[in-house]
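Every number here is computed from the coordinates shown, using simple stated rules; none is lab data. Just so it is clear, the structure is predicted and the values come from calculations on it, not from any experiment. Neighbour counts run over all protein chains shown; Cβ positions are idealised from the backbone, glycine included.
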Amino acid sequence: MQRASALAGAGRRALLGLAGAPGAGKSTLAAALVEALGGQAVLVPMDGFHLADPELDRLGRRDRKGAPDTFDAAGYVHLLRRLRARSDDVVYAPVFVRSQEQAVAGALAVPREVPLVVTEGNYLLADGGFSPVRELLDQTWFVDVDPVLRRQRLVARHVRHGRTPEQAEQWVASSDDLNAQLVDATRDRADLVVHL
C-alpha cells in the first residue's frame, strides 16, 4: 500500500500495473488499492480489450478466449499512452462485463486530475503486441498465488457465470492453465512479486 500511495503522491500521473495468471487475485488487489486511495486512483483493467465474440468467431479463436492474441493489444497500449500523456480532460476506457463475457466501450471515465492509474491484466509483462506496456508503467507488480487455489477460483468463477462444473474444469484445463504458463514465464520482469 505504501508503494501505491507514493506513486499517487508523486506529483504527476503514474501508472501501476498488476500482472499475474488468470485467477491470481489481480482484480481483487487492484480494487482494494483503488478503494484505499480514494479519489487518488482509478482502476483501468486490460480485460476491456478482449476482442468481441463475433470477431473471435471470425478469426477462429473463440475457444482460446483469454490468450494473448484474443485481445486488442495495440488498443490497450494506445490507451495507456493517452493516460500517461494526461493531455485530455477525460479519457474513456472500455470495461469487460464478465456476466456478459463482453467488453463495453467508453464505460469508464478517467479524469485528468486523478494522479494514479492502476491497471491489471495477464499480459502486462508479455512480449509481442504487449511489449510496449512495460515502458508505459511506472511499476509492475506480479500477483502470485498457490496454483491449486487459483484453479479453484477459476472453476468457481466460470460456474458463477453459467458453465457447468464439468465445462468450467475443461475450460480451465484447456485455456486458463495454458495462459497461466505464459504469464508465469514473465514473473522475473516485475518490480515486485506480491504473494496472495
- Query: Under a 5 Å amide H to amide H cut-off, with H placed in plane at 1.01 Å, what residues pair with V194 once short-range neighbours are removed?
  - Reply: F142, V143, D144
- Given the chain, what percent of its DSSP beta bridges are antiparallel, to the nearest 5? 30 percent
- Task: Would you work out the charge dipole size for the chain about its Cα centre, treating the Cβ of every Lys and Arg as +1 and the Cβ of every Asp and Glu as -1, and quote it to the nearest 20 debye?
- Result: 320 debye
- Message: Highest mean first, how do 163-171, 70-78, 147-155 rank when packing is the count of other Cβ atoms within 10 Å averaged over residues?
- Response: 70-78, 147-155, 163-171
- Note on the structure: Between [x] -0.36, -0.45; [y] -0.25, -0.31; [z] -0.28, -0.35, the structure-derived log10 I(q)/I(0) by the Debye sum over Cα atoms at q = 0.08, 0.09 Å⁻¹ is [y]
- Message: Looking at the stretch 18-119 only, what percent of DSSP beta bridges run antiparallel? Nearest 5 please.
- Response: 75 percent
- Under the 7 Å Cα-to-Cβ spin-label approximation, A185 and A10 lie apart by a distance in nanometres of 2.9 nm
- Item | Helix-derived mean residue ellipticity, 222 nm - over the chain, DSSP H n ≥ 4, -39500 (n - 2.57), to 500 | -10500 deg cm²/dmol
- Taking the alpha-carbon centre of each part, the distance from the stretch 74-150 to the stretch 1-73 in Å is 4 Å
- Query: Could you give me the ³J(HN,Hα) list for the stretch 188-196, computed from phi with Karplus coefficients 6.51, -1.76, 1.60 and θ = phi - 60°, whole Hz, x at Gly and Pro?
  - Reply: 5, 8, 7, 6, 8, 10, 9, 9, 10
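If you build the convex hull over the alpha carbons only and average its shadow over all orientations, what do you get for the stretch 108-174? Give it in nm² to one decimal.
With every direction weighted equally, the projected area is 6.9 nm².
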- Note on the structure: Karplus-derived 3J(HN,Hα) from phi for the stretch 74-84 (6.51 cos²θ - 1.76 cosθ + 1.60, θ = phi - 60°), whole Hz, x at Gly and Pro, runs 5, x, 5, 4, 4, 4, 4, 5, 5, 5, 5
- Query: Taking amide hydrogens as modeled 1.01 Å from N in the peptide plane, which residues meet the under 5 Å criterion relative to A67, leaving out close sequence neighbours?
  - Reply: none
